[in-house]
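The values are calculated or read from the model by the stated rules, or taken from the named source; none is laboratory data. For clarity, every value in this text was computed on a predicted model and none was experimentally measured. Don't worry about glycine lacking a Cβ; one is built from the backbone with ideal geometry, like all the others, and counts go over all protein chains shown.
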Amino acid sequence: MKCEDENLDIFYLYYLRRPDKIDPIEPEFWQPFYAGRGCNSRMTTHRREAKRCWKDPSLPRDIKVNIIIKLWEQGLDFIEEKILVGLTNDEANEYEREFIAAYGRINNGTGCLANLNDGGDGNCGWIPSEETRKLWSEQRSGEGAWNWGLHWPEEFCLMIGDIHRGKVVSEETRKKQSDAKIGTHHSEETRKK
């Protein structure tokens, strides 16, 4: 999760809820099976992770992914729901700890959440190792990737082009993009394409 500034009020708390069980605290809602904090599109990463694991059963699965896949196998789907928005990083961490404590965790026998820890530790600013980056790259590319063979509709491509056309990129951003590419080389095959 990459967030520009941990002091900005850009964080949120969210639940993943399952339709086959009732919330033990708020019975008018579906039961949450995961509580998280995030910014940007963090909440939607769980669905993508589960799709990859469903497509490739050899990938490692955690409790959360197993729940999602079992729901899909039953013809059900979960929902992603933002509970609190406009939080600082510290506030989001604190609320996450409180929500996980209230519902409890499956892995330690205290409740219904698939969270693997008590929360509140966040990973903003975390930089993955080269080994981790390589593993991600292998999982996300080539014929085994979840999006292999998928193509965006032409109308969508045109719409995205219209959105970005005319945007001015700051010199600072250009410098960062340039620095990020230092030392990278395209293969001969890529150059020909």
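Observations
- On inspection, ARG105 fails the criterion of being under 13 Å from LEU16 (Cβ atoms), in contact with a strand residue (DSSP E or B) (Cβ under 9 Å, 6 or more places away or on another chain), surrounded by 14 or more Cβ atoms within 10 Å (Cβ to Cβ) and basic (Lys, Arg).
- When THR44 is tested against (1) within 17 Å of the chain's Cα centre (by Cα); (2) surrounded by 14 or more Cβ atoms within 10 Å (Cβ to Cβ); (3) not in a loop (DSSP other than H, G, I, E, B), just one condition goes unmet, and that condition is (2).
- Of residues in the stretch 47-76 being among the basic types (Lys, Arg) and under 16 Å from the mean Cα position of the chain (by Cα), the one surrounded by the most Cβ atoms within 10 Å (Cβ to Cβ): LYS64
- Summed over the stretch 77-96, the residues that are under 19 Å from the mean Cα position of the chain (by Cα) and either closer than 16 Å to LYS21 by Cβ or surrounded by fewer than 18 Cβ atoms within 10 Å (Cβ to Cβ) (or both) give a count of 11.
- Residue within the stretch 6-23 that is buried (at least 16 other Cβ atoms within 10 Å of the Cβ), at pLDDT below 90 and either of a type in the set (D, E, K, R) or touching a strand residue (DSSP E or B) at 6+ places or on another chain (Cβ under 6 Å) (or both) present: yes
- Output for the stretch 89-148, where each listed residue is at pLDDT below 65 and among the aromatic types (Phe, Trp, Tyr): TRP126, TRP146, TRP148
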